[in-house]
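The values are calculated or read from the model by the stated rules, or taken from the named source; none is laboratory data. Given the structure is predicted, the values throughout are model-derived calculations rather than measurements. Virtual Cβ from ideal backbone geometry, glycine too; neighbours counted across all protein chains shown. Ligands, DNA and RNA are excluded from the accessible area calculation, which covers all protein heavy atoms including side chains. Shrake-Rupley method; radii C 1.70, N 1.55, O 1.52, S 1.80 Å.
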Amino acid sequence: MTHFRRTDPRLALPGRFNAPADQSRRDVLRRLGLTGAALALPSSLLAACGGGSDEAEAGAEPVAAPSAADLTGTKIKVATFGGFFEENYKAIYPDFTAETGIEVESISEPGGGAWLIQVQQAVAAGTAPADVSMFGNVDILKASTGGLLMGYSASDLANATYQAEGFVRTNDADEVIGVGAASWYITLVSNTDRVPESPTSWKTLWDSQWLNDMALNNQAQTSFLLDITANTWFDEGTTMLETEEGILEVMAKIAELKDNVKLWWRDEATAQQDYNSGEVAIGQFYHDITQYAASIGEPLRSVFPEEGAVLDSGSWAITKTTEQPEASLVFIDWFSQPTVQERLATTLGTSPTVGVEHLELTAEDYEMVSGPGPDAAIKPYYTAYQEREDWINQQWSEQIFAG
Amino acid sequence: MTVVETPADTVELTEPVIHDEDGPGMSWSGRIMLMVPTLVLAVFFLGPFALMLRTSFYRRIQGGFYEPAFVLESWSRLGSDFYIDRALFSLRICLFVAAVTVMFAFPFTWFLTRMKARYQVPLLIMILAALTLSEVIVAFAWDLILGRASGISNIMVWLGLMSEPQSYTPGYWAVCIGLAYIAFPYCVLTLYPALSRIDRELTEASETLGASPLRTFFNVVVPLSRTNLVAAFLMVFVFTLGSYIIGQVLGRPEHWTLSVFISDQATYNSNVPFAAAIAMFLTAVSLAIVGVTTWLGSRQGRARQKAVAV
């Protein structure tokens, strides 16, 4: 297999982080912001601190772009998924600090909803375990419904305009609560020592040759096995998940593969270990970190199945109880730059959330991180996980986990 | 036979005297002293307990968290076949593990107390050292030992006893081994003080009268330690009932105990009310089992005392 190319990003993308045009634009915005009484304070913060909706609307005027220069020495805590993911982000933070003066403390966040509950408890207690967190799609919806996130105006972020459609998320009050950080694909991953030639279809998960030899994620809403199965075995595809009957039919199909599953993983680290060592031969996993692991010599490969890999994404969101709203906005804005997302694509292997027209990735690089691209991917039907959350969880337990 | 049994009954007769010392004649200073731990218990145990009970009645918001209310939805979900089945499985596996652990720990501790200090101390230190390992480390260590990639089956292959390495995890026995492993040191430490206090003259008397060491063990040592055996059994039972990582790592979904589901509901599904309801239920069940066992034990003890007195 082709090993993932790792380059020193500072060599690969020279001088683009200090684009003068961008800087001057920000200066102008800052001066505009300084003239306003809000001093770049995001509109929704006022609302979150107990102000009425009138204040929030007044503050939503597009004048409050965050100012980097005023924030030198400020420290923010940023949570990203632990492991390779966090390591790669950590490597970029010094450049962010050099440019903005804002220091970043990196926090390793557990995946699959576990971080969400910590943030929820902290917000209830009036603290913020992190100022900025990366949330998956299901989690950011929950966090928004639970009122955990700070809302702000899209104009607070100069670089938000680069985001592809759907990556600037708003709440019911039309405030921005999340901005695309990275997309990732869930693919068919196998250990090259155990599996000489990888199958190319998700159907292989049902093949008895993998008896007690497979790894799958144990949560319905993070494994997206419902979406995978619906698109693999049913002509109706994702529409199967619109009704309870359809979901039950899909679950019954998933129940057929459970003897193959040796590891129902909850956290990525456990799965990573078992894939690396060959304790499991094949299963579902993340394309980005598999490519990264392969690039440092682990016997792994990631294959985009013919039915499509699952395309999911993470968004940056600011905890409502943060004491550093301005620095947090600067952080999100900085990471929305196409150059930074390109850099993450070439180091971590995540797929950019900024529009493809703003990217200068080579076709080869783009294919490396996105395979056949988002059009060929399975897009999860998030509505089901949002609206029928506990019902799906109960049925999942009964159909998949019962003895 | 009857001769050997006598010492056990004699010793039991003296037991109630110890219990009655803190009775009605207790001094005021003694009562005040007792109030401190009672207060600590109330604040740090009953307080959170009450909060959790309250949370179990909160209303769940789909796609969000929960809100204060008084609804029974979490409790009624607990009544579904799946969770009843999980509860029964949890009780079965924990009772089994408790029985097996006590079965191994009891003779081990007995021999430990009879050893010379020179051997006894290092062994005790080893047992204590095992307590420093967290459940997470124990679970993943057994996962490696029983696994295919680097587990014991590789030694069998190397010895030519097997053709290719096999995985013994996840599975029912892997969970039992993991649970017994973490419970064993606690069990030994619970039994150790009582067994080390057993008068050597009693076992010597039994042996002088012609009983074999095995017969002495079963007819003198075991009856003398009945109360402690029950205490150790209950301790392991409650302890393993609360374990959730061993089951997660070493078990298939059908081997996950209720504790695993509490952790999953609270951590991954942000359904704290349901997690609280399962936790309340589990606490109630374990308290009931402990209560019934203790009551049966004390009733039987009193009956025996009466019989001896007559």
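I need the full set of residues from region B:240-276 which are more than 12 Å from chain A (Cβ to nearest Cβ), within 19 Å of B:Trp173 (Cβ to Cβ) and open to solvent by 20 Å² or more (accessible area, probe 1.4 Å), in order please.
Residues satisfying the conditions do not exist here.
Does region A:251-279 hold any residues that are of a type in the set (Gly, Ala, Ser), within 14 Å of chain B (Cβ to nearest Cβ), assigned to a helix (DSSP H, G or I) and surrounded by fewer than 23 Cβ atoms within 10 Å (Cβ to Cβ), and which are they?
Those that are of a type in the set (Gly, Ala, Ser), within 14 Å of chain B (Cβ to nearest Cβ), assigned to a helix (DSSP H, G or I) and surrounded by fewer than 23 Cβ atoms within 10 Å (Cβ to Cβ): A:Ala255, A:Ala269, A:Ser277.
Does B:Pro193 count as open to solvent by less than 20 Å² (accessible area, probe 1.4 Å) and of a type outside the set (Gly, Ala, Ser)?
No, not satisfied.
Looking at (1) farther than 24 Å from B:Phe96 by Cβ; (2) touching a residue at least 24 places away in the same chain (Cβ under 8 Å); (3) open to solvent by 40 Å² or more (accessible area, probe 1.4 Å); (4) not hydrophobic (A, V, I, L, M, F, W, C), which is the only condition B:Asn219 fails?
(3)
Kindly establish whether A:Leu205 is in the same structural domain as A:Ala294 (by TED's automatic domain parsing), touching a Leu at 6+ places or on another chain (Cβ under 6 Å) and touching a residue at least 40 places away in the same chain (Cβ under 8 Å).
Spelling it out, A:Leu205 is indeed in the same structural domain as A:Ala294 (by TED's automatic domain parsing), touching a Leu at 6+ places or on another chain (Cβ under 6 Å) and touching a residue at least 40 places away in the same chain (Cβ under 8 Å).
Does A:Gly147 satisfy the criteria of being on the phi > 0 side of the Ramachandran plot, open to solvent by less than 10 Å² (accessible area, probe 1.4 Å), small (Gly, Ala, Ser) and within 14 Å of chain B (Cβ to nearest Cβ)?
no
Only one of B:Leu112, B:Leu131, B:Leu123, B:Leu78 is touching a residue at least 12 places away in the same chain (Cβ under 8 Å) and farther than 24 Å from B:Gly247 by Cβ; which?
When all the criteria are applied, what remains is B:Leu112.
Would you check if there is a residue in region B:138-155 being open to solvent by 50 Å² or more (accessible area, probe 1.4 Å) and among the acidic types (Asp, Glu)?
No.
Examine region B:163-185 for a residue that is surrounded by 15 or more Cβ atoms within 10 Å (Cβ to Cβ), farther than 26 Å from B:Val260 by Cα and of a type in the set (A, V, I, L, M, F, W, C), and state whether such a residue exists.
Taking every residue of region B:163-185 in turn, none turns out to be surrounded by 15 or more Cβ atoms within 10 Å (Cβ to Cβ), farther than 26 Å from B:Val260 by Cα and of a type in the set (A, V, I, L, M, F, W, C).
The rows are residues; the columns are (1) open to solvent by less than 10 Å² (accessible area, probe 1.4 Å); (2) touching a Leu at 6+ places or on another chain (Cβ under 6 Å).
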site	(1), (2)
A:Ala281	yes, no
A:Thr290	yes, yes
A:Val303	no, yes
A:Asp312	no, no
A:Phe335	yes, no
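When the residues of region B:44-75 are filtered to those that are in a helix (DSSP H, G or I) and open to solvent by 90 Å² or more (accessible area, probe 1.4 Å), which remaining residue is nearest to A:Gln121 (Cα to Cα)?
Per the criteria, the residue is B:Leu51.
Is there a residue being farther than 26 Å from A:Met150 by Cβ, acidic (Asp, Glu) and assigned by TED's automatic domain parsing to the domain that holds A:Gly147 anywhere in region A:332-345?
Yes, that holds for at least one residue.
Go through B:Ser163, B:Ser167, B:Ser150 for me and flag whichever is outside any helix (DSSP H, G or I), on the phi < 0 side of the Ramachandran plot, of a type outside the set (A, V, I, L, M, F, W, C) and away from chain A (no Cβ under 12 Å).
Step by step, each of B:Ser163, B:Ser167, B:Ser150 is checked, and only B:Ser163 is outside any helix (DSSP H, G or I), on the phi < 0 side of the Ramachandran plot, of a type outside the set (A, V, I, L, M, F, W, C) and away from chain A (no Cβ under 12 Å).
What are the pairs, 6+ residues apart or on separate chains, where a residue within region A:158-186 that is closer than 30 Å to A:Phe285 by Cα has its Cβ under 6 Å from a residue that is among the basic types (Lys, Arg) and in a strand (DSSP E or B)?
Correct list of pairs: A:Ile177/A:Arg169; A:Gly178/A:Arg169.
Mind counting the residues in region A:357-390 that are within 13 Å of chain B (Cβ to nearest Cβ) and surrounded by 14 or more Cβ atoms within 10 Å (Cβ to Cβ)?
Total meeting the criteria: 7.
List the helices (runs of 4 or more DSSP H) inside region A:292-403, counting only whole elements, that have at least 1 residues being among the small types (Gly, Ala, Ser).
By residue number, A:325-335, A:338-347, A:363-370, A:382-387.
Looking at region B:145-168, which of its residues are within 20 Å of B:Phe184 (Cα to Cα) and touching a Ser or Thr at 6+ places or on another chain (Cβ under 8 Å)?
B:Leu146
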